[in-house]
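The values are calculated or read from the model by the stated rules, or taken from the named source; none is laboratory data. As the structure is a computational prediction, the values presented were derived from the model and not from experiment. Cβ: placed from backbone, ideal geometry, glycine included. Neighbour counts: every protein chain shown.
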Amino acid sequence: MKAYWPTLEGFRVIARRPSIGAAEIVWRWSFGAAVTALMAFSFLAYLDTLWITPGEVMLLKTRQPVLVSQVIQHIFRGSGLRVVESAIVLAAMLAAGWVVIAGLGRAITMNELFAEFRARSESAARGGAAGVHLRALFGINLLQVAITAAAILGSLGAFVLGGLATSVADPSPGAAFLVMLLVMALVWLVWSMLHWLLMLASVFAADGRDTFAALAEAVDLSRRRTGAIVAVSTWFGLSHVVAFFVATTAAGMVLGFIRILPQGVIVGGVLLVTLLYFAATDYLYVGRLAAWVAILEWPPAPVITQTAQSSGDRGSDAVDQQESILSDLPGMGRLSPLPADEIVP
């Protein structure tokens, strides 16, 4: 059986089929643009609810830091409840939109990836890819929203635990910061592990499993093919780090001309570098999904037994000792033992 590298297959797919990465960028960036517009309109609507008196306007024009800070505090006083209510409603709507849009976008991407690999492998003889289980993808996205909300609440809890580590009578800011940092790191470490597992489960959900069956299959695959899964995650993680450093270096070079070029050119250059970085990360994300599909679709190489290794250059002449080599002859599949009275001493 021809050897293959799942990581190499992932990079090969995003190089041969850039349209798959482009489709991922389209639905992700469309949702991001909609979120940005919705948050901007919500912020403007919130500002319309604030009242500013002529006296406050006069104090703001003085540009005195003390007066301006007092005026701003007076303007925003009593509006905290409206901010919290608006944030809850906005977060709920965005979460619902993400569950649906991400499910549809992931279904399209995974359909193309499965078609790409099954067209080149023996699994094409199985009759094509299984139907995409949209309800399972919606369920996985809902779980991703749930663990993200839990991580945010856990981060707030980290601040509370950090505050409990110190007191007014015996202040210890170092201990408070350490407790907060450790708890927050633990929370987001657990989140990253669960998020990775849900990402892997989306491959099985797109292959026809329901939500919990996809999670079980993801756990089973990570247990059976640990080496391949770790290799894919490592190489694509390193690629992501390289892309981050390249983008950071490019943005730094653009900022180096801040005293020479106009501010608009500088802002546009940094924005362009940022968009290119996000596009690269989306392509790498598709490549990782493609590598996981390669692991799923193509079975591992057969293990060469010691008997086959000892056969030297005979290659195909090596015979499995457990094979019934006479099974093609009637009655010769197995040799039954002779009766005791027919054994010749």
- When the stretch 114-138 is checked residue by residue, the ones that are at pLDDT 70 or above and over 24 Å from ARG12 (Cβ atoms) are HIS133, LEU134, ARG135, ALA136, LEU137, PHE138
- Message: Please verify whether LEU44 is in a helix (DSSP H, G or I) and free of Cβ contacts under 8 Å to residues at least 40 places away in the same chain, treating the condition exactly as stated.
- Response: yes
- With the checklist (1) surrounded by 14 or more Cβ atoms within 10 Å (Cβ to Cβ); (2) over 30 Å from PHE138 (Cβ atoms); (3) in contact (Cβ under 8 Å) with a residue 12 or more places away in the chain in hand, flag the one item ALA151 doesn't pass. (2)
- Query: Restricting attention to the stretch 191-210, does a residue exist that is free of Cβ contacts under 8 Å to residues at least 40 places away in the same chain and among the β-branched types (Val, Ile, Thr)?
  - Reply: no
- Does the stretch 226-268 hold any residues that are more than 30 Å from MET193 (Cβ to Cβ) and among the aromatic types (Phe, Trp, Tyr), and which are they? PHE257
- Item | Members of the stretch 154-176 found to be among the small types (Gly, Ala, Ser), in a loop (DSSP other than H, G, I, E, B) and free of Cβ contacts under 8 Å to residues at least 12 places away in the same chain, listed by number | SER167, ALA169, SER172
- Find all pairs meeting these conditions: Cβ atoms under 9 angstrom apart; at least six residues apart or on different chains; first residue within the stretch 14-32 and over 19 Å from ALA102 (Cβ atoms); second residue of a type in the set (Ser, Thr, Tyr). ILE14/TYR283; PRO18/TYR283
- Message: Go through (1) within 26 Å of the chain's Cα centre (by Cα); (2) modelled with pLDDT of 85 or more; (3) not polar (S, T, N, Q) for ALA40 and report which single condition fails.
- Response: (1)
- Task: Please specify each residue of the stretch 208-221 satisfying the condition of being surrounded by 17 or more Cβ atoms within 10 Å (Cβ to Cβ) and either of a type in the set (D, E, K, R) or over 14 Å from GLY139 (Cβ atoms) (or both).
- Result: ARG209, GLU217, LEU221
- Which residue out of ASN141, ASN111 is assigned to a helix (DSSP H, G or I), at pLDDT 90 or above and not aliphatic (A, V, I, L, M)? ASN141
- Item | Residue that is surrounded by 13 or more Cβ atoms within 10 Å (Cβ to Cβ), at pLDDT 90 or above and of a type outside the set (Phe, Trp, Tyr), where the choices are VAL183, VAL203, VAL179 | VAL183
